[in-house]
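The values are calculated or read from the model by the stated rules, or taken from the named source; none is laboratory data. Small disclaimer: the values here were computed from a predicted structure and weren't measured. Backbone-built Cβ (ideal geometry, glycine too); neighbour counts: all protein chains shown. Side chains are part of the model used for accessible areas, which takes the heavy atoms of the whole protein and leaves out ligands, DNA and RNA. Shrake-Rupley method; radii C 1.70, N 1.55, O 1.52, S 1.80 Å.
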Amino acid sequence: ANRLLLFVLVASAVGGITAGAGAASPSLKVRESCFWVGMSVLSMGRNLIEPCSKTITSLRVAPEHQGNVFACFHLVTSLLHVTVGLLWPEVFFNPRADGLARGAIFLATSGALIICAFGFIALV
C-alpha cells in the first residue's frame, strides 16, 4: 500500500502537469488531448489515494484511535472540497486566460501532490 500510494501521488501529479502544461499549446487539438489525458490520469489517481490512505492508516493506528483519525481525515477532506469547490469557478479558473495561466490550477494541484509525496516519503 505504501508503494502504491507513492506511485499514485506521483502519477496524479504527472496527470495534472500534463493537463496544465498542455494549456499553453497554441494548437487546440494538443490542448484538448493534454487536458483529457491529464484529467484521466489525475482522476484515476484521485480515486486510489483515499483507499490507500485508509489502508495505511488502519495498519499503523491503534484500533481504539482509528475512528478519531478517520473522522479528522473526513473533516479535512470535506473542508477542502467545499472551499476549493467554491473558489474554483470564482477565483482559480479563468476561461479567457492564455498560456500557462489557463492551466495554472492543474499545475498548482500537481505541486500539492508532489509536496504530499515528499511528505509521505519523509514519514515512511
> Any chance the stretch 54-70 includes a residue that's in a helix (DSSP H, G or I), within 18 Å of Ile115 (Cβ to Cβ), open to solvent by 60 Å² or more (accessible area, probe 1.4 Å) and out of contact with any Cys (no Cβ under 6 Å at 6 or more places or on another chain)?
Replying inline: no
>> Which residue is farthest from Val124 (Cα to Cα), if the candidates are limited to the stretch 77-95 and must be open to solvent by 80 Å² or more (accessible area, probe 1.4 Å) and of a type in the set (Val, Ile, Thr)?
In response: Val91
>> For the stretch 46-76, which positions are touching a residue at least 40 places away in the same chain (Cβ under 8 Å) and within 20 Å of the chain's Cα centre (by Cα)?
In response: Leu48, Ile49, Cys52, Ser53, Thr55, Ile56
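Here is a yes/no grid of residues against (1) among the charged types (D, E, K, R); (2) more than 15 Å from the chain's Cα centre (by Cα); (3) under 30 Å from Ser27 (Cβ atoms):
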| position | (1), (2), (3) |
| --- | --- |
| Ser78 | no, no, no |
| His81 | no, no, no |
| Pro89 | no, yes, yes |
| Ala104 | no, no, yes |
| Ile114 | no, no, yes |
| Phe120 | no, no, no |
> Taking the stretch 19-30, which residues are free of Cβ contacts under 8 Å to residues at least 24 places away in the same chain, under 13 Å from Gly103 (Cβ atoms) and part of a helix (DSSP H, G or I)?
Replying inline: Val30
